Amino acid sequence: MAWRAQLSRSIKELRFLFSSNSPSSAATRNFIENNYKDLKTKNPNLPILIREATVIEPQLWARYDMGVEKGIHLEGLDEEQISKALEHLAKAG
């Protein structure tokens, strides 16, 4: 998991979008609850935005240099798969 400390080298901003009460967003809520502190500790200058809405599919967006953005839908993924999706976004930058 050394890639977690390298996030801010390739990613300029992370955004998590999810529903605050939808069952499809439960894994995303759990991921944020269990991993936010570690991600922020290892990347103190990386903005990690958490956006809750009533009707939205869980998503993860990464912004890179020059305004390039890539997103992944997180519906149906568990916490481990969300971590893999984040790793994929980090390596894609």
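Screening I56 on (1) assigned to a helix (DSSP H, G or I); (2) closer than 22 Å to D78 by Cβ; (3) open to solvent by 20 Å² or more (accessible area, probe 1.4 Å) shows it passes everything except condition (1). Name the residue that is most open to solvent (accessible area, probe 1.4 Å), counting only residues in region 20-31 that are part of a helix (DSSP H, G or I) and in contact (Cβ under 8 Å) with a residue 24 or more places away in the chain. My answer is N30. Taking the numbered list (1) surrounded by 12 or more Cβ atoms within 10 Å (Cβ to Cβ); (2) touching a residue at least 40 places away in the same chain (Cβ under 8 Å) in turn, N34 passes all entries but (1). Candidates in region 66-91 are the residues that are free of Cβ contacts under 8 Å to residues at least 24 places away in the same chain and over 16 Å from F18 (Cβ atoms); of these, the one that is most open to solvent (accessible area, probe 1.4 Å) is M66. The combined condition, being open to solvent by less than 80 Å² (accessible area, probe 1.4 Å), of a type in the set (S, T, N, Q) and in contact with a Pro (Cβ under 8 Å, 6 or more places away or on another chain), is not fulfilled by S10. All told, N43 meets the bar of being over 11 Å from the mean Cα position of the chain (by Cα), open to solvent by less than 30 Å² (accessible area, probe 1.4 Å) and either on the phi > 0 side of the Ramachandran plot or not basic (K, R) (or both).
The values are calculated or read from the model by the stated rules, or taken from the named source; none is laboratory data. Predicted model, so just to flag it, every value in this text is computed and none were measured. For neighbour counting, all protein chains shown are included, and Cβ atoms are generated from backbone atoms with ideal geometry for every residue, glycine included. All accessible areas refer to the heavy atoms of the entire protein, side chains included, with ligands and DNA or RNA removed. Shrake-Rupley method; radii C 1.70, N 1.55, O 1.52, S 1.80 Å.
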